[in-house]
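Just below is one structure, and these are the notes that go with it.
The values are calculated or read from the model by the stated rules, or taken from the named source; none is laboratory data. For clarity, every value in this text was computed on a predicted model and none was experimentally measured. Here the Cβ positions follow ideal geometry from the backbone for every residue, glycine too, while neighbour counts run over all protein chains shown.
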Amino acid sequence: MLRRLPLLLLAYSLTLASLLAQHGYTPADVEDGGRLFRANCANCHGPDGNFIPGIDLGRNRFKTASTDSDLVRVIRIGVPGTAMPPNNYSEFQATTIVAYLRSMAADEARAGALGGDPARGKTWYEKSDCATCHRVKGVGSRQGPDLTEIGAIRRAGELERSLLEPDAEVLQASRLLQIAAKDGITVTGIMLNQDAFSVQILDTKDQLRSIPRDTIRDQSFVTKSPMPSYRDKLNAQELADLVSYLASLKGAAAP
Ligand code: HEC
Ligand code: HEC
């Protein structure tokens, strides 16, 4: 076991080198980088990366850095003499943040090219079935995540992926629990709470149900998203419109 370690390390650094060389980031790297960015960078740089004058992290605009390795270095050692702090990330973690920044820029360029119209997107949202599962500013259902602030926490590319491939990443908090009772009845819903005696779920009709443990035969999480894919229901323009509507949702106070 011990003798295999150097090989593993070698494989690791080769992966890193090829990541940097080819921009071959996996969606999981981008996701990880996004989490680090939201937790550690967005407070100064803003969720879109454009709060600091002269720098727009989501549009590849920096002061001195330009290559991926410049960015990895800046992220790890900071910019001495400024508020940009050094960070304790491994080179790999810093690379995932760079992957995220590059994907923000790519999404931005794509969204800009399509020119979505948020007003048309809102109309589409309202005439489609989104509100049977989602809420915006208090209107709609609680089956899916509340979308009131979705534009503040997700990038255009992530929103687009949610609409086209909802199964790609099902949020932990939204996974559906399927409970088979001993009497043969199956109930599906979002798990709200559980204790030694019962499991409480919000079923697919938005009804709160408490199911005694001693009546449960089997329970398991559903790995597929409850959300249907809209790939065949939206053309490219409608998709751009809907994404720009969702991107405009930045909280209850926003217009
Ligand atoms: C405490 C506030 C703060 C935090 C936290 C912070 N930054 Fe910065 N960052 C700055 C400031 C201020 C600058 C501008 C420095 C300058 O004037 O050159 C900067 C500059 C940068 C630059 C441009 C450097 C260049 O050479 O052009 C990048 C890239 C960057 N930050 C990325 C990040 C990332 C990624 C994170 C999170 C891991 C992060 N920053 C966290 C304040 C911060
Ligand atoms: C049958 C219920 C259902 C319908 C209909 C539905 N969704 Fe969803 N949606 C969900 C659930 C549940 C999730 C969370 C699980 C997941 O990530 O797939 C979700 C996730 C999302 C997300 C990602 C949220 C996040 O935090 O990243 C977005 C954006 C979204 N839906 C938008 C829409 C839009 C727009 C429509 C209409 C075109 C729609 N949904 C229709 C149930 C639904």
Handout entry: Exclusive hit being surrounded by fewer than 17 Cβ atoms within 10 Å (Cβ to Cβ), near ligand 2 (Cβ under 9 Å from one of its atoms) and either at negative phi or of a type in the set (Lys, Arg) (or both), set Asp214, Asp167, Asp183, Asp218
Key = Asp167
Practice task
Name, by its number, the condition in (1) in contact with a Ser or Thr (Cβ under 7 Å, 6 or more places away or on another chain); (2) surrounded by fewer than 18 Cβ atoms within 10 Å (Cβ to Cβ) that does not hold for Asp232.
Solution key: (1)
Exercise for the section: Just name the residue that is farthest from the chain's Cα centre (by Cα) out of those in the stretch 64-81 that are within 6 Å of ligand 1 (Cβ to nearest atom) and modelled with pLDDT of 95 or more. Expected result: Val79
Exercise for the section: Could you tell me which of the residues Leu16, Leu5, Leu57 is more than 9 Å from ligand 1 (Cβ to nearest atom), at pLDDT below 95 and closer than 25 Å to Glu158 by Cβ? Expected result: Leu16
Exercise for the section: Could you tell me whether Thr95 is modelled with pLDDT of 90 or more, touching a helix residue (DSSP H, G or I) at 6+ places or on another chain (Cβ under 8 Å) and over 24 Å from Arg155 (Cα atoms)? Expected result: no
Practice task
Determine, yes or no, whether Gly251 is outside any strand (DSSP E or B) and at positive phi.
Solution key: yes
Problem - Hey, Lys137 at pLDDT 90 or above, of a type in the set (Lys, Arg) and farther than 26 Å from Ile201 by Cβ or not - result: no
Practice task
For the stretch 115-128, indicate whether the set of residues that are hydroxyl-bearing (Ser, Thr, Tyr), under 30 Å from Met191 (Cβ atoms) and surrounded by fewer than 16 Cβ atoms within 10 Å (Cβ to Cβ) is non-empty.
Solution key: yes
Practice task
Among the candidates Pro47, Pro145, single out the residue that is more than 12 Å from ligand 1 (Cβ to nearest atom) and out of contact with any Ser or Thr (no Cβ under 8 Å at 6 or more places or on another chain).
Solution key: Pro47
Fill in the blank from the handout: Selection over the stretch 144-164 where residues are within 9 Å of ligand 2 (Cβ to nearest atom) and at pLDDT below 85 yields a count of 4
